[in-house]
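Undergrad: Okay, handing you the structure first.
The values are calculated or read from the model by the stated rules, or taken from the named source; none is laboratory data. Everything quoted here is computed from the prediction, not taken from an experiment. Here the Cβ positions follow ideal geometry from the backbone for every residue, glycine too, while neighbour counts run over all protein chains shown. Just the protein is used for accessible areas: all its heavy atoms, side chains included, with ligands, DNA and RNA removed. Shrake-Rupley method; radii C 1.70, N 1.55, O 1.52, S 1.80 Å.
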Amino acid sequence: MCGIIGMVGVKNAIPYLMEGLSRLEYRGYDSAGIAFLNGNQLACKKALGKLENLRKTIQNDARNTNIGIGHTRWATHGKPSFDNAHPHISPNAKFAVVHNGIIENADSLKNEHFPNTSFASQTDTEVIVHLLQKYYNGNMVQTVSCVQKLLLGSYALGIISTEYPNTLFCTAKGSPLIAAVGEVGNFIASDVSAVFGYASGYYNLSNGEICAVQENDIKFFNNDAVCIEKQIEPIIADALINDKQSFEHYMMLEMMQQPDAVRNTLEPLFINGEMCLDSFVPDSHFLKNSLSKIVIVACGSAYHAGLVGERLFEDLARVETKAQIASEFRYSNPIINQNTLAIFISQSGETADTLAALRLAKLKNAKVLSIVNVRSSAIANESDYVIYTKAGREVAVATTKAYSSQLAVLYALSLYISKIRQSVEGEMYDGLIKQLLCLPQKISETIINTQSLVKCLAQHFYTQNDMYFIGRQLDFAVSMEGSLKCKEISYIHSESYAAGELKHGTISLIEQGTPVIAVATDETVIGKTVSNMREVEARGAKTVLVTFEKYKDCTDKSEVIVIPETASQFSASLSVIPLQFLSYYMAKLRGCDIDKPKNLAKSVTVE
C-alpha cells in the first residue's frame, strides 16, 4: 500500500527522492518522509498529510546528500500521525527504515526482544530498526538476513545506515520492490514509474532476497546472505507517469483514454483479423476436453469485471463459472482441481488478497491465468499464463480504463473458449467478433454522447445522502461498479441491487427524491427492470435509465441516457461510462479530492 523510493548516486538525492514520492503518492497519502545521511549522521524529515506538506518542510533545506530513502504512507498499524510516519530511526540513530507491508508478529517481537523498551510509534515497522540495532554484527547483509528471518507477514524494506554511508540496502517478501540502474546513480522503488527517466533497467526482488545498492554497483543475496546473480529487465516507455495534459484530474484523462486502452488491449489477441490466444492460455485439448470449471478471483472493480466474465463464460462457453472476492476465496476451501481454470484479475498485479488466493489455487493444482496491467508484477510472475491489459499507467485511485481493459480481455477469452468448445460458432461467433472489434469506437461515441447530459444530472444529485443502482444479469454487475465509483470518489452512500431484490427489503429505504439509477440493456429482462423502476417511482424515487436507443421509450418518467447499440454481451463496456461520469461530476461539485479519495490507495498490498 505504501510507496518506497531510495537512491545512492553522484548527485543530490533529495530532489530524486521527492520526485519519486510524487510518482508513488497514489499508493498512500496519509504522511510522507525522507531520511538521508548528513555527514556522518542520519537526518529525517517527515510531514503529516499529502506530499506537498513534506515539500514545504524541506524547501529551505540546503543540505546535499548522495544517499537517502523516502516513503509515502497508507496507514495500517497506527493512525496517520507524525510519530507513525516513516522513515523510522533506531534508538542509536544508526539505522533508518522505510516499510511497505505488515509485520504480523510485531507485538510478539516487541515483547520477546524488547520487554522494557518504550517505542516512539504505534507502527509495526518500528520494531525493525530496534532489531537492526540489536543484531548488527558489522556485516549489514548478514544483519538484514538475521532480522528478516524473525519477521512474519509481508514487507518491502529500504534501509540506510551510518555504518555504510555509501550503500543502500533492501529486502522484500510478499510486497513489490525493485532495484534500478541509472546514470546519476542507482535506485530502489516500489514501482518502476518512480525511476522512469533516471534508470534504464531494473531487477525485481524475489521473496527473501537482499540487495546492496551502491552508486555504481548492485549486489544480490539470498536470505542466507549468499551472493546470487539476477537478470536485469529493461524499463519500457509505458511505465511513464501520465501527464494530466489539459485535464483537471487524472481520472477524467483516464476515462477519455478508455477507447485506446481497449483497442490496445485487444490488438495483441488478434493475428490477421483472427483471434488467437494460443500463447496466452492452456492448450486447446485442456480447454475442450478437460476444463470442467472456471473460477474468477479479484477485488473491487476487478471483481465487478469478473462478475461480467462469470456470465459470459457460462452463457457463451457453457462452462460452470464462479466469480469470488479474493479475501473470501483465500480463506475458503474451494472445490477446484487440475480441471479448473482459475483466473485472477488485478490492475497492479500486487493485490495481496488476490496473490494469496492465487497461491491457494496453485496448491490445488488449478491452471492459473492472470489478467494484469503491470509487467513482471507478483501475480504475473506466479501465474501459469498471463494476458496483459494495455491500459497504460493508471494514476487515479478509482479505476476506469483498467476496468474497461479487463472487460475486453474477458470478452475475448470467453469467445475464444466458446469457439474451441464449439458452443458458439458460425455467424453468431463472427458477429460477436465484429462487435468486439467495434467496441473502442462505440466507447468513444458513448463518451461524446453522454458526458454533457450526465454533467447536468450531477447537478441534481450531488447533494443527496443516498443513491441506489439497479440492474439484472450483466446490468447488475455494471450497477455494482457504478455504485462503487459513487462511494469511493463522491463519498455519497450508495448501494447496488439486483433489481428484483428491491421489493425484498431495500424498497423501504426509498424516499421522495431518492436517486435510483437503472442499467437495462438485456432484452430478456428489460421489462422486469422497468417494472422495478416503476415500483420505486411510486414511492417518490427520481429514476435514471441507462439503455440502448431502441429501449429509450420504455419509460416516460425517467431521465434516459442512451448508449450505442452493441451485442448485449458487451454492453457493460458502454453502460459503465455514464456511471463513471456521474460519480466524477458529483465528486467535483462536492469538492472531493477525485484522484486521491480519503482513506484509499491505488495498490492494496496489505490484507
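Undergrad: Past 19 Å, Cα to Cα: identify those pairs from Lys79/Lys485; Lys528/Lys550; Lys322/Lys367; Lys293/Lys364, in the order given. Before the final figure, lay out each step's value.
TA: Values: Lys79/Lys485 25 Å; Lys528/Lys550 16 Å; Lys322/Lys367 15 Å; Lys293/Lys364 13 Å.
Exceeds cut-off: Lys79/Lys485.
Undergrad: Also: Ordering Arg311, Arg472, Arg318, Arg73 from largest to smallest accessible area (1.4 angstrom probe), what's the sequence?
TA: Accessible-area ranking of Arg311, Arg472, Arg318, Arg73, largest first: Arg318, Arg311, Arg472, Arg73.
Undergrad: To continue, here is another question. For Asn449 and Lys56 in one chain, what is 0.36 nm times their gap in residues minus the Cα-Cα distance, to one decimal in nm?
TA: Here the segment from Asn449 to Lys56 would lengthen by 137.2 nm.
Undergrad: Right, something else. Helix 572-589: angle to the longest alpha-carbon principal axis of the chain, degrees 0 to 90, nearest 10?
TA: Result, in degrees: 60.
Undergrad: Compute the Kirkwood hydrodynamic radius of segment 4-69, taking the inverse of the mean of 1/r over all pairs of distinct Cα atoms, and give it in Å to one decimal.
TA: Kirkwood hydrodynamic radius for segment 4-69: 11.9 Å.
Undergrad: Another question, then. For segment 373-484, what is the accessible area per residue in Å² when the probe is 1.4 Å? If you can, show how the numbers build up before the last one.
TA: Working: 4010 Å² over 112 residues.
Ligands and nucleic acids excluded, the result is 36 Å² per residue.
Undergrad: So how long is each side of segment 420-461 along the principal axes, counting just the alpha-carbon atoms, biggest first, in Å?
TA: Largest to smallest, the principal-axis extents are 49, 19, 13 Å.
Undergrad: Counting only protein heavy atoms and using a 1.4 Å probe, what share of the accessible area of the chain belongs to carbon plus sulfur, as a whole percent?
TA: Ligands and nucleic acids excluded, carbon and sulfur reach 46 percent.
Undergrad: Right, something else. What relative contact order, as a whole-number percentage, does the chain give when Cα pairs under 8 Å and 6 or more residues apart are counted?
TA: Relative contact order for the chain comes out at 12 percent.
Undergrad: Out of these labelled values of Cα extents along the principal axes in Å, (1) 76, 56, 44; (2) 93, 74, 56; (3) 81, 54, 50, which was calculated from the coordinates shown here?
TA: Computing Cα extents along the principal axes in Å and matching it to (1) 76, 56, 44; (2) 93, 74, 56; (3) 81, 54, 50 gives (1).
Undergrad: Shape call for segment 433-539 from the C-alpha gyration tensor, a ≥ b ≥ c root eigenvalues: rounded (a/c under 1.5), prolate (a/b greater than b/c) or oblate? Don't skip to the answer; put the middle values down first.
TA: On the way: a/c = 2.01, a/b = 1.29, b/c = 1.55.
Note, shape of segment 433-539 comes out oblate.
Undergrad: Evaluate the distance, in nm, between pseudo-label points positioned 7 Å from the Cα of Ser376 and of Val184 along their respective Cα→Cβ axes.
TA: Using points 7 Å along Cα→Cβ, the separation is 2.1 nm.
Undergrad: Okay, moving on. Could you give the Stokes-Einstein D for segment 358-408 in µm² per second, using the C-alpha Kirkwood radius, 4 °C, 1.567 mPa s?
TA: Details: Rh = 11.9 Å.
Diffusion coefficient, whole number: 109 µm²/s.
Undergrad: Over 26 Å between C-alpha atoms is what I'm after, so list which of Lys50/Lys244; Lys390/Lys588; Lys455/Lys552; Lys46/Lys588 land there.
TA: Lys390/Lys588; Lys46/Lys588
Undergrad: Bin all alpha-carbon pair distances of segment 337-439 at 10 Å intervals from 0 and give each bin's fraction as a whole percent.
TA: 15, 39, 32, 14, 0
Undergrad: Quick one: net charge around Asp61, please, counting Lys, Arg +1 and Asp, Glu -1 for every other residue with C-beta under 12 Å from its C-beta. Please report the intermediate quantities before stating the final value.
TA: On the way: positive: Lys45, Arg55, Lys56, Arg63; negative: none.
Value of the local net charge: +4.
Undergrad: Over segment 436-593, what is the relative contact order in percent, taking alpha-carbon pairs closer than 8 angstrom and at least six residues apart?
TA: Details: 271 pairs, mean separation 50.1, N = 158.
That works out to 32 percent.
Undergrad: Using only C-alpha positions, report the orientation-averaged shadow area of the convex hull of segment 198-339, nm², one decimal.
TA: The orientation-averaged projected area of the Cα hull of segment 198-339 comes to 14.5 nm².
Undergrad: Using the eigenvalues of the Cα gyration tensor, what equivalent ellipsoid semi-axes result for segment 16-113 when each is taken as the square root of five times the eigenvalue, whole Å, largest first?
TA: Calculated on Cα positions only, the semi-axes equal 23, 18, 11 Å.
Undergrad: Size of the dipole of the chain about the Cα centre, Lys and Arg at +1 and Asp and Glu at -1 on the beta carbon, nothing else charged, in debye to 20?
TA: The calculation lands at about 760 debye.
Undergrad: Same structure again: If you average the sequence gap of Cα pairs under 8 Å that are 6 or more apart and divide by the length of segment 115-261, what percent do you get for the contact order?
TA: Once normalised by length, the contact order is 17 percent.
Undergrad: Moving on to the next point. Apply 1/(1 + (r/R0)^6) to the Cβ-Cβ distance of Glu549 and Phe286, taking R0 = 30 Å, and write down the FRET efficiency to the nearest 0.05.
TA: 0.15
Undergrad: With r as the distance between the Cβ atoms of Gln245 and Tyr491 and R0 = 30 Å, compute the FRET efficiency 1/(1 + (r/R0)^6) and round to 0.05. Please list the in-between numbers first.
TA: On the way: r = 27 Å, r/R0 = 0.89.
That gives a FRET efficiency of 0.70.
Undergrad: Another question, then. In deg cm²/dmol, rounded to 500, what helix-only [θ] at 222 nm does the chain give when every DSSP H run of at least 4 residues adds -39500 (n - 2.57) and the total is split over its residues?
TA: -10000 deg cm²/dmol
Undergrad: How much length is gained if the chain between Glu104 and Glu511 is pulled fully straight, taking 0.36 nm per residue apart and subtracting their Cα-Cα distance, in nm to one decimal?
TA: 142.0 nm
Undergrad: As an exercise, find the ratio Rg/Rh for segment 253-315 from alpha-carbon atoms, using the Kirkwood inverse-distance average for Rh.
TA: Numbers: Rg = 14.6 Å, Rh = 14.2 Å.
Checking Rg against Rh, the ratio lands at 1.03.
Undergrad: For segment 497-566, what is the Kirkwood estimate of the hydrodynamic radius, computed as the reciprocal of the mean inverse distance between distinct Cα atoms, to one decimal in Å?
TA: So the Kirkwood estimate lands at 12.2 Å.
Undergrad: Roughly what would the spin-label model give for Lys134 and Gln214, points 7 Å off Cα along C-beta, in nm?
TA: Label at Lys134, label at Gln214, 3.1 nm between them.
Undergrad: Then there's this: Check the straight Cα-Cα distances from Lys173 and name the lysines below 19 Å, setting aside those fewer than 8 residues away within the same chain.
TA: The qualifying lysines are Lys149, Lys219, Lys230, Lys362.
Undergrad: If each of Asn38 and His504 carries a label point 7 Å out from its Cα toward its Cβ, how far apart are those two points in nm?
TA: 6.4
Undergrad: Please report, to one decimal in angstroms, the Kirkwood hydrodynamic radius of segment 99-184 built from all distinct Cα-Cα pairs.
TA: 13.8
Undergrad: How high is the FRET efficiency between Glu163 and Leu363 when r is their beta carbon distance and R₀ equals 51 Å, given to the nearest 0.05?
TA: Here the calculated transfer efficiency is 0.80.
Undergrad: Distances longer than 19 Å among the Cα atoms of segment 513-607: what percent of all pairs is that?
TA: So the portion of pairs separated by more than 19 Å is 52 percent.
Undergrad: Over the Cα atoms of segment 110-234, how large are the radius of gyration and the largest Cα-Cα distance (Dmax), in Å?
TA: Reported Rg and Dmax, both Å: 15.0, 48.
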